[in-house]
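One structure is given below, encoded as structure tokens.
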Amino acid sequence: MATHLKWHDVVSVHEFVAPEPDEEPSGDLAVMLTGGGARAAYQVGLLRGLARHFPTVHFQIVTGVSAGAINAAFLAANGGSLQQKVDRLTDLWRVLECDRVFRPNYASLLPFRRRGMHGLFGSEPLAALLGEILHCPARNAPIEGIRENLRHGTLEAVSLLTLDYSTGQTVRWIQGRAFDHFDGPNRRSALTEITIEHILASTALPFVFPAVRIGDRWHGDGGIRLSAPLSPALHLGATRVLAMSTGYQPAACEANGPVVRGYPPAAQILGQLVNAVFLDAIDEDVVRMERINEMIRRLPPAERDGLKPIDLFVLRPSRDLARLAAGYQRLLPRSMRLFIRALGGYETESSDFLSLLMFDPSYLRLLIEIGEEDVEARVGELGEFLWSAAAMPPPRERSHGGRTSDHSSVPRKITSATVK
């Protein structure tokens, strides 16, 4: 049994539980993919950059929530090298259009309509697309690719998150290795075989997409009540976590500037709700991890009781992806443009809600390019974080933007306290 730092909730934050002191850490590397609708194309760009510079990097643990669950399931279900997986994932995202992901379903919200879908958009197109790309014949059938990768040892565990509407609990669905049980009033974990229904449920933003039935319960977007998005990877034994967020962090002067004048339109209000669901949780969780890591580092080794900091690296957009989406509204289907206009989407400079639904190839390709550029800008830091016996073979010289980087010396550990 590999030792790892267990991260539990306490007083709405976290609590570390000491591992057995005579065991050694496993060095398992996890990737955590957050939500953001169409903005998840940015994660594809990050993965492309990683595959180019670090072709032998290997994620033993894959976790995802909301749109990140689509990318997580794809990585967990596909075989081959990271480059091969990412090439296939890129082919998918570069041509995605709205009608391949959702279809308008406005009538479902009318008060006299008692049956059918209960969301502004139906998710049948996405269900069909997932069945096609994951080679899964039925929505409730186990995804064979995940089974195979677990069987061959190329994957240790995968976890997707949903919200159980009937209990209000965040559910961590886990396939793979045994995990550290730590349930509470607002969360529970469940061993399962991941299906398309789990992916659809994790992406089902309230009122926008319909809830999904899993067993006898109805589930929605896993980001709604998620307070600790990093915790599934840690409970599964990860000692290093690469988190891929779609949230842009503006400078103070930029953040203080209003993006709408007068009374906020519905699109602006929805955008703030979207940020609260998808982006705020990961930012707050990173800050908490930084503080706990710092507390542990300040303790003399003899007093740590086996506790060790978790190595964390966070990648996030260098540009505001929501603000960029506004320039592509004209490319959306007419019904979508009318819907966005009705919500006041043209009255704000940065439409986070619009960016969720901007499944247009031109916009998605731009996000992929930005992701690649952001990896390029931090490739030296990433090399130090990723290089270890558990993640990569003996280092070799790589050309980074015309410079040659030699990682022949032991790299400096990068933890959550030393990354942006």
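The values are calculated or read from the model by the stated rules, or taken from the named source; none is laboratory data. Please read all numbers here as calculations on a predicted model, not as lab measurements. Neighbour counts run over all protein chains shown; Cβ positions are idealised from the backbone, glycine included.
Data overview
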quantity: Which listed residue, of A252, A281, is modelled with pLDDT of 65 or more and farther than 19 Å from G220 by Cα; calculated: A252
quantity: Residue in the stretch 69-90 that is modelled with pLDDT under 90 and either under 21 Å from I133 (Cα atoms) or over 11 Å from the mean Cα position of the chain (by Cα) (or both) present; calculated: no
quantity: Spans of strands (runs of 3 or more DSSP E) in the stretch 167-220 with at least 3 residues at pLDDT 95 or above; calculated: 169-176, 212-214
quantity: Selection count where residues are surrounded by 17 or more Cβ atoms within 10 Å (Cβ to Cβ) and either more than 23 Å from the chain's Cα centre (by Cα) or in a loop (DSSP other than H, G, I, E, B) (or both), scope the stretch 119-138; calculated: 5
quantity: Subset of the stretch 79-101 [more than 29 Å from L331 (Cβ to Cβ) and either without any contact (Cβ under 8 Å) to a residue 12 or more places away in the chain or crowded, with 23+ Cβ neighbours inside 10 Å (or both)]; calculated: G80, Q84
quantity: Single condition I368 does not satisfy, out of (1) exposed (fewer than 15 other Cβ atoms within 10 Å of the Cβ); (2) of a type outside the set (S, T, Y); (3) at pLDDT 95 or above; calculated: (1)
quantity: Residue match in the stretch 348-356 (condition: crowded, with 22+ Cβ neighbours inside 10 Å, aromatic (F, W, Y) and at pLDDT below 90); calculated: yes
